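Taken together, the values in this text are just the output of simple stated rules run on the coordinates, not laboratory data. Because the structure is a prediction, the values reported are computed rather than measured. When we count neighbours, we look across all protein chains shown, and the Cβ atoms used for this are built from the backbone with ideal geometry, even at glycine.
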Amino acid sequence: MEMESSETCSAPVTADDPTGRKWTWEEDGFTVVRANARTAPGCHDNCGVLMYVKDGKIDHVEGDPEDPYNQGRLCLRCLTLPDMMYHEDRQLYPMKRAKEERGNPDAWERITWDEAFDLIETRIKALQAEFGNECVDVAAGTGRDVIIYEQLLQRVFGTPNQAMGFFPGQACYIPRSFSTNLKSGALYEGDYSQFFPDRYDNPKWKRPDYVLIWGNNPVVANSDGTLGHWIVECMKRGTKLITIDPKLTWVAAHSEYWLQVRPGTDAALALAFGHVIIEEDLYDHEFVDNWTYGFDEYKEAVKDWTPERAAEIADVDVDLVYSVARAIGNAEGWALQWGVAMDQTAEGFYTGMAAYDLVGITGMFDHPGGMVAGIVPFNIGFPWIPSMEEVNWIPQDPAMRPPVSKPELRGLNAMGMPDSESIVEGMEGDAGTNDYTIKSVIFFATNPLANEGAQPKRTYEAIIKGTEFNVVLDTWMTPTALACADVFLPVATYAERSGISGHQPYRTGAIVKAVEPAGEARSDQSILIELGKRFCGEEIFPFDTPEDLYDYMIQRSGACFTYEDMKKRSWAYPVVDYYRYKTGGLRPDGEQGFLTPTGLYELYSVGLEAMECPAIASYVEPPASPVSTPELFEEYPLVLTTGARNWGYFHSEGRQIPHLRRVQPDPICRIHPDDAEKYGIEDGEWMIIENYRGSCKQRAEVTPRIKKGVVSCDHGWWFPERDQHDGTYFGTFESNPNNMLSYKPGSVGLGNSYKSDLCRVRKA
């Protein structure tokens with residue numbers, strides 16, 4: 001497809017070399033391809049890589065030392081790319097089987113791609129004719145670079161249903177990102193110089209005095225677009241750390257202050273920090289007076305949240321509460337590095353608000369060494385994706401979609417998305433709680449039986465009972481694929497396809513195809529285009545290749561370069577400046593202020609008030625805790641936390657790779673020595689963790705690094721080495737702590753208690 005000419009097309013303003021770089025060359029018998037990495041193998045970052053190709057295969061991968069983003073550093077997951085690409089268990093061909101044969105590995109029949117697409121088109125159109133467009137659910141995850149395209153896939157099928165991998169409360173960055181957008185009109189990231197191609201040498205940049213690491217372990221997780229080494233580099237330059245975590249992590253051990261918080265009580269600490277900052281007059285008067293809305297209401301909300309009260313609730317030293325509040329209140333610049341521990345509490349949405357308000361009252365927005373607004377580079381986005389304000393999630397551009405059903409859904413959260421339990425109920429066919437039934441699920445970059453989904457056995461039974469036709473797009477025969485799929489579509493790795501890596505707010509760049517896909521694997525984007533043509537027509541999907549789609553995206557942004565240009569230049573940084581709220585750089589109308597209804601940072605959210613939700617941050621005790629359910633606590637006397645990432649894996653990915661399994665061969669439950677002794681648990685032995693919902697089996701790590709009274713369980717575990725015929729679906733139900741978790745989200749439909757429930761333990 002040729003790009004249309006546009007009078008609005010203009011060359012992008014970049015902060016780096018606009019002339020391009022050598023993106024492929026010959027070196028010592030290898031063809032080297034410079035590109036940006038993206039899952040799989042998994043993570044949320046877009047690191048620069050050099051892929052070394054010989055005889056049409058990836059021989060090895062190295063970090064690109066010229067790339068300012070990762071500066072030559074790569075994690076284990078990226079380095080083991082060839083092991084994953086050429087693993088004997090990788091799925092390479094489209095397959096089908098009959099519904100009644102779900103779970104039977106011998107029932108698969110290899111088919112062609114045309115047969116697969118014909119079958120998907122025929123079956124889903126027939127189901128939609130009988131039950132309506134809303135009978136389809138797109139169960140999307142965060143694997144691969146296709147997380148944003150999932151919403152386009154949702155539009156392809158004309159359905160409002162997106163289950164986010166059956167993740168209750170959409171509790172992975174969405175609670176925080178939604179609250180930050182409501183309150184400030186943008187997503188803000190800690191300023192570790194990542195916005196500049198010359199990084200630490202940029203004269204505008206100042207290192208943060210403090211980085212407040214809250215519910216995050218960035219040197220392990222590299223989460224939410226943040227590489228841990230950025231923070232380490234800041235430390236080398238004098239930055240001090242504050243860590244809030246029930247575990248003694250590497251960053252906690254290197255922190256000036258470490259608060260070993262009781263899981264789920266973080267909002268109490270945030271409100272107490274705000275109390276001290278106001279009472280001791282440490283807040284930024286200029287910013288608060290001129291650029292915030294609702295300060296009086298916020299001041300009233302934190303008035304009674306003394307450090308003494310919060311310290312008792314969170315089980316931390318009260319002196320530390322005072323010290324942390326004073327440290328950030330007096331800092332010339334401080335950055336908030338927060339993680340999913342915020343989201344994965346019942347009221348994770350309001351927990352995030354409480355922490356984010358500390359940025360507001362100290363004036364750290366677009367502040368050197370503070371927080372910087374993350375805006376899509378060069379505006380290369382997705383114009384058909386609905387805005388947050390559209391509660392029915394109807395795309396803005398009708399030319400890019402077919403008609404979309406708009407049923408009145410039970411369980412709509414504050415974003416207008418159906419919560420995961422309502423989707424499960426739709427498959428269970430409970431007419432008393434749902435207006436429609438779910439008959440087909442498209443599993444897109446997700447493995448919910450082993451990873452995100454709460455109560456996986458319930459989810460499994462609902463899928464088996466209620467659905468008629470399911471499709472899985474993946475690289476492996478995962479537990480979800482083995483148990484639930486009727487059609488399996490093999491997808492390409494990032495080395496086998498093209499893409500755009502600029503969904504993060506720092507830069508844009510190209511994912512460059514280095515080798516042909518193994519077997520008959522295809523890219524997610526090419527599969528999406530074919531489905532779009534079949535369900536929406538050529539007029540709406542006029543793209544022949546993924547590169548056509550990328551060119552369209554770039555063209556709509558107003559930029560005058562193409563995907564091919566992007567590939568040749570490798571990466572491009574937009575020009576970023578500070579204090580954009582003073583210059584009109586945060587609003588499309590060019591007016592000063594923030595992109596909010598008031599034009600100010602909203603300590604009191606007008607948007608939440610309009611949705612008839614509490615408009616200001618607050619603390620709510622977790623639904624099950626030593627305080628809220630004391631009788632239950634007597635029976636289940638330990639606090640359960642889960643969901644953290646580890647070195648070798650991205651959620652449920654990577655268990656097939658020998659190098660990664662050597663780093664950690666089994667799921668680990670961390671337990672304090674005093675608790676282990678009390679319950680007769682020995683280090684290294686298998687143990688049972690259980691509560692009133694279910695149980696799981698993990699290997700014990702007896703360590704003083706975990707808070708006494710808390711156990712921390714690894715998530716996302718399954719065992720691909722197990723026999724597919726043994727009926728355990730690779731042991732996914734055996735070691736999955738999600739067996740013990742609830743589907744119920746928080747008060748706005750976001751957040752869930754992954755980080756704070758109750759349990760007991762015993763020997764296996």
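When the helices of the chain are scored as -39500 (n - 2.57) per DSSP H run of n ≥ 4 and the total is divided over every residue, the value at 222 nm lands at -8000 deg cm²/dmol. In this structure, the pairs whose alpha-carbon distance is over 22 Å, taken from K183/K744; K204/K240; K206/K236, are K183/K744. Residues whose amide H falls under 5 Å from that of I511, counting only those 5 or more places apart or on a different chain, are N36, G499, I500, S501, with hydrogens built in the peptide plane.
Between the amide H of A335 and those of Y210, V211, L212, distances stay under 5 Å, these residues lying 5 or more places away or on another chain, with hydrogens modeled in the peptide plane.
Each 5 Å bin from 0 upward holds the following percent of the Cα-Cα pairs of the stretch 101-180: 3, 12, 15, 19, 21, 16, 7, 4, 2, 1.
Neighbour counts of C-beta atoms inside 10 Å place W686, W718, W205 in the sequence W686, W205, W718, starting with the fewest.
Electrostatic tally near H367: other residues with Cβ closer than 13 Å to its Cβ, Lys and Arg +1, Asp and Glu -1, net -3. Here's the list of lysines a cross-link from K513 could span, going by alpha-carbon distance under 19 Å and ignoring same-chain residues fewer than 8 apart: K22, K54, K57, K567, K568. Shown in residue order for the stretch 670-684 are the 3J(HN,Hα) couplings computed by the Karplus curve 6.51 cos²θ - 1.76 cosθ + 1.60 at θ = phi - 60°: 8, 9, 5, x, 5, 5, 4, 5, 4, 9, x, 9, 9, 4, x Hz (x for Gly and Pro). Computed extension length for H60-I464: 141.3 nm, one decimal, from 0.36 nm per residue of separation with the Cα-Cα distance subtracted. The phi torsions of the stretch 448-459, fed into the Karplus equation with coefficients 6.51, -1.76 and 1.60 and a -60° offset, translate into couplings of x, 5, 9, 10, 6, x, 6, 6, x, 5, 4, 4 Hz, rounded to whole numbers, with Gly and Pro shown as x. In nanometres, what is the gap between the two model label sites at D589 and D317, each 7 Å from Cα along Cα-to-Cβ? For D589 paired with D317, the spin-label model returns 5.1 nm.
Using the reciprocal of the averaged 1/r over all distinct C-alpha pairs, how large is the Kirkwood radius of the stretch 490-649 in Å? Value: 21.3 Å, from the Cα pair sum.
Dipole check for the stretch 570-634: with +1 at the C-beta of Lys and Arg, -1 at the C-beta of Asp and Glu, and the Cα centre as origin, the magnitude is about 480 Debye. Look at R97, R645 and count the other Cβ atoms within 10 Å of each Cβ; fewest to most, that gives R97, R645. Only bridges with both residues in the chain count here: give the DSSP antiparallel percent, nearest 5. For the chain, the DSSP antiparallel bridge percentage is about 55. Subtracting the Cα-Cα distance of T545 and R722 from their residue separation scaled by 0.36 nm leaves 59.9 nm. Near P745, once Lys and Arg are set to +1 and Asp and Glu to -1 for all other residues with Cβ below 10 Å from its Cβ, the sum equals -2. What whole number of Å gives the distance from the Cα centroid of the stretch 282-297 to the Cα centroid of the stretch 603-649? Using only Cα atoms to place each centre, the spacing works out to 28 Å.
Annotation: peptides 160-167, 573-580, ranked by per-residue average of other Cβ atoms within 10 Å with the highest first, follow the order 160-167, 573-580.
Annotation: amide H-H contacts under 5 Å for R522 (H modelled 1.01 Å from N, sequence separation of 5 or more, or interchain): V491, A492.
The fewest-to-most ranking of R309, R110 by surrounding Cβ atoms within 10 Å reads R110, R309. Rounded to the nearest whole Hz, the Karplus-based 3J(HN,Hα) values (6.51 cos²θ - 1.76 cosθ + 1.60, θ = phi - 60°) of the stretch 47-61 follow the sequence 6, x, 10, 10, 9, 9, 10, 9, 6, x, 10, 6, 7, 7, 10, with x at glycine and proline.
For K697, a cut-off of 19 angstrom between C-alpha atoms picks up these lysines, skipping any fewer than 8 places away in its own chain: K457, K678, K755, K763. Legend: P(r) of the chain from all alpha carbon pair distances, 10 Å bins from 0, whole percents, reading 3, 14, 25, 28, 21, 8, 1, 0.
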